[in-house]
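To keep things clear, I will list the structure first and then write my remarks on it.
The values are calculated or read from the model by the stated rules, or taken from the named source; none is laboratory data. Note that the structure is a prediction, hence the values are computed from the model and not measured. When we count neighbours, we look across all protein chains shown, and the Cβ atoms used for this are built from the backbone with ideal geometry, even at glycine. Note: accessible area is taken over every heavy atom of the protein model, side chains too, but ligands, DNA and RNA are not part of it. Shrake-Rupley method; radii C 1.70, N 1.55, O 1.52, S 1.80 Å.
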Amino acid sequence: MPHKKQVYVTGHKGLVGSALVRALSGNPDVEVITRTRQELDLLNQGAVHQFFSRYAIDIVIHAAGKVGGIVANQSAQADFLYENLLVASNVIGAAAKNSVGKLLYLGSSCVYPKLAPQPIREESLLSSALESTNEGYAVAKIAGLKLCEMFRLQYGKDFFAAMPTNLYGPGDNFHPTSSHVIPGMMRRFHEAKIKGGKSVIIWGTGSPLREFLHVDDLARACILILNSDQYDKKLINIGSGEELSILELALLMQQVVGFKGQVLADPSRPDGTPRKRLDTSRLLALGFKPQISLREGLAKTYAWALAHQVFEPPRRNEPTIIAHA
Ligand SMILES: NC(=O)c1ccc[n+]([C@@H]2O[C@H](COP(=O)([O-])OP(=O)(O)OC[C@H]3O[C@@H](n4cnc5c(N)ncnc54)[C@H](OP(=O)(O)O)[C@@H]3O)[C@@H](O)[C@H]2O)c1
């Protein structure tokens, strides 16, 4: 019988990992390997090395890590730095020692410099100062992607890294304080609808521009990168190439959720970075095309959120939205 490729997806219970498992599980030539945190804590170096030595893993897609929105990042910088550093070095180090064929590491658009020219090219990495609110997370993520690059340069390992834009979709984190902009905003609109609220207020002017990608499109892009003969293993951005303002996003969300009240902006609140979009020329040259429009993706995500009761129990007295992504 031909050997099935053993693909280990770390963080398979998360937003990205679960999408990767969905995308890979239809492939008859692939056997997907997963471990929960309880089965294998990636902070535990000994356990990670033992796991890799026991299984003949062909490919690793590293999607595990400590991830959160601006509030969570800002208030726990040490935890974000320490945990992401350990998890990345344990997984990448064990993969290198145990002859894993390929490793795709997921970086993030959040780790580019605060004032990187727009749209952000891969060359912008480390070209100027980071955003201070998520510096811990960014330093750890950059160390991980540099570790891949250096194992490639020093030992010829086929390890490389992708930089996804803001992602959303089924399996996202809808927590009231630690969520990213789309699930956070979806929660606020849903709660306003359920409570019969008259308005939803977004922070700032609503003018900052943001880019979003459905996580199933991200998974397609990762598989394309892993299989492409033309990919040169340099850092590669993954985005939709489309941007919209926070106000446009809020109006789209209002329609998707079916909230009948008003959407108001509060310009006394901070706006955040005026524009954040990735240059995806490298990915487009490999033939990538996103398949899920933002409207369709939001509708599917809302249906998933309702089916999984992620908004329960509803909260009171928090009418605003944080307008950062
Ligand atoms: N979400 C985005 O918008 C976005 C954008 C760009 C890049 N990314 C990158 O994509 C990757 C995944 O993000 P995500 O949004 O999917 O995060 P997520 O939903 O929070 O999932 C992270 C997963 O990692 C697991 N994990 C964390 N620490 C672990 C440990 N010590 N041992 C074992 N498992 C551990 C978590 O397990 P538990 O379920 O047990 O907590 C969870 O399943 C991250 O590297 C992130 O930087 C995400």
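A few notes on this one:
- Lone unmet requirement of (1) in contact with a helix residue (DSSP H, G or I) (Cβ under 7 Å, 6 or more places away or on another chain); (2) outside any helix (DSSP H, G or I) for Asn134: (2)
- Enumeration of residues in the range 137-191 that are farther than 20 Å from Ala299 by Cα and assigned to a strand (DSSP E or B): Asp158, Phe159, Phe160, Ala161, Ala162, Met163, Pro164
- Reported count of residues in the range 80-108, each being assigned to a loop (DSSP other than H, G, I, E, B), out of contact with any Lys or Arg (no Cβ under 7 Å at 6 or more places or on another chain), of a type outside the set (A, V, I, L, M, F, W, C) and on the phi < 0 side of the Ramachandran plot, is 2.
- Looking at Ser18, Ser89, Ser53, Ser25, just one residue is within 20 Å of Met150 (Cα to Cα) and of a type outside the set (A, V, I, L, M), and that residue is Ser89.
- Out of Ser99, Ser132, sole residue that is under 16 Å from Tyr8 (Cβ atoms), surrounded by fewer than 18 Cβ atoms within 10 Å (Cβ to Cβ) and either assigned by TED's automatic domain parsing to the domain that holds Ile59 or within 16 Å of the ligand (Cβ to nearest atom) (or both): Ser99
- Scan the range 80-96 for residues that are of a type in the set (A, V, I, L, M) and within 9 Å of the ligand (Cβ to nearest atom) and the total you get is 3.
- Filtered residues of the range 176-190 (kept if more than 16 Å from the ligand (Cβ to nearest atom) and either open to solvent by 10 Å² or more (accessible area, probe 1.4 Å) or at pLDDT below 95 (or both)): Arg188, His190
- Tally of residues being polar (S, T, N, Q) and open to solvent by less than 30 Å² (accessible area, probe 1.4 Å) across the range 152-175: 2
- Among the residues of the range 152-168, those that are more than 9 Å from the ligand (Cβ to nearest atom) and in contact with a Leu (Cβ under 8 Å, 6 or more places away or on another chain) comprise Lys157, Asp158, Phe159, Phe160, Ala161.
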